[in-house]
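Written below as structure tokens is the structure these notes are about.
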Amino acid sequence: MHQWNTYTDFNQASQAAADFLAERIDAFLKENGVCHVILPGGNTPVTCLNLLAKKSLSWDKVHWYLGDERCLPQGDPERNDLMLDLNLWSAMDKTYIHRIPAELGADEAAAQYRNEIKAINAFDIAFLGIGDDGHTASLFPGHEALNDHRSVIPVYHSPKPPSDRVSLSLDTLHKTKTKIVLVAGREKAHTIKKIKEGAAFPINCIGDINWFIDQESNTAEI
């Protein structure tokens, strides 16, 4: 079942999410000596990632992966890995970053990333985002990519620009051991309400999620 954690404001939700991520990363490091973490793009995670980067953990034993990437040139400000560079990875002396080479095009990048992650049976943690339409990573409602069961998939004709993307599949996300989503703002309230009602959004098809939401996105208070 989904676990719902609601906080007065977004800063509190971000702090709680960062604390939760740090606790889970530390637990996996103690259990396995390594931790494999999927990360989101967008603006919502920025505060949380900045807080996470300040934690005293064995970052040299953590491997980071992207949930999705946009097929844009390296260094493009709209790429997810640039946001992660600025708000997380740049604060770490040594850590392992596995970028999606989306500048090569969706098919080639997906093929290379499948090879990159082939040794991982199940990721430890997936920190994911959510769109107003219930999409996560680059998995959009009703899109043909939802039926692609390979671990990493090309996404063409995205309903949001850019048209071409690369994404971890529903199958890959579903197998991940711990899933977390951070949500903020009244504009997400309708989406959260639908998720609680069991709507068949992509985000609702990957199993149990630990939700960290602010009061504005908590439909129970609207």
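The values are calculated or read from the model by the stated rules, or taken from the named source; none is laboratory data. Computed from a predicted structure; not experimentally measured. Positions of Cβ are backbone-derived with ideal geometry, glycine not excepted, and every protein chain shown enters the neighbour counts.
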message: Just to check your reading of the model, which residue among Ala13, Ala18 is of a type in the set (A, V, I, L, M, F, W, C), in contact with a Cys (Cβ under 6 Å, 6 or more places away or on another chain) and in a helix (DSSP H, G or I)?
response: Ala18
- line: Requiring at least 2 residues that are of a type in the set (S, T, N, Q) and more than 18 Å from the chain's Cα centre (by Cα), the helices (runs of 4 or more DSSP H) wholly within region 34-124 are 106-116
statement: Being acidic (Asp, Glu) and under 24 Å from Val152 (Cα atoms) narrows Glu23, Glu78, Glu31 down to just Glu78
- request: Give the residues of region 134-192 that are of a type in the set (D, E, K, R) and surrounded by fewer than 18 Cβ atoms within 10 Å (Cβ to Cβ), sorted by residue number.
  value: Glu144, Arg150, Lys160, Asp171, Lys175, Lys177, Arg186, Glu187
task: Please identify the pairs in which a residue from region 35-59 that is within 30 Å of Pro161 (Cβ to Cβ) has its Cβ atom under 7 Å from the Cβ atom of a residue that is acidic (Asp, Glu), counting only partners at least 6 apart or on another chain.
output: His36/Asp124; Val37/Asp124; Gly41/Asp68
message: Quick test for you: out of Val34, Val46, pick the one residue that is touching a Lys or Arg at 6+ places or on another chain (Cβ under 7 Å), modelled with pLDDT of 95 or more and surrounded by fewer than 19 Cβ atoms within 10 Å (Cβ to Cβ).
response: Val34
Residue within region 8-19 that is surrounded by 15 or more Cβ atoms within 10 Å (Cβ to Cβ) and of a type in the set (Val, Ile, Thr) present: no
- request: Output the number of the condition that Asp148 fails; it satisfies all remaining conditions of (1) in contact with a Ser or Thr (Cβ under 8 Å, 6 or more places away or on another chain); (2) in contact (Cβ under 8 Å) with a residue 40 or more places away in the chain; (3) over 30 Å from Leu57 (Cβ atoms); (4) among the acidic types (Asp, Glu).
  value: (2)
task: For region 145-158, indicate whether the set of residues that are in a loop (DSSP other than H, G, I, E, B), farther than 30 Å from Ile25 by Cβ and hydroxyl-bearing (Ser, Thr, Tyr) is non-empty.
output: yes
task: Considering every residue within region 179-195, establish whether at least one is part of a strand (DSSP E or B), in contact with a helix residue (DSSP H, G or I) (Cβ under 7 Å, 6 or more places away or on another chain), under 17 Å from Asp107 (Cα atoms) and among the β-branched types (Val, Ile, Thr).
output: no
- line: Residues of region 26-43 being of a type outside the set (A, V, I, L, M) and touching a strand residue (DSSP E or B) at 6+ places or on another chain (Cβ under 6 Å), in sequence order, are Phe28, Cys35, His36, Pro40
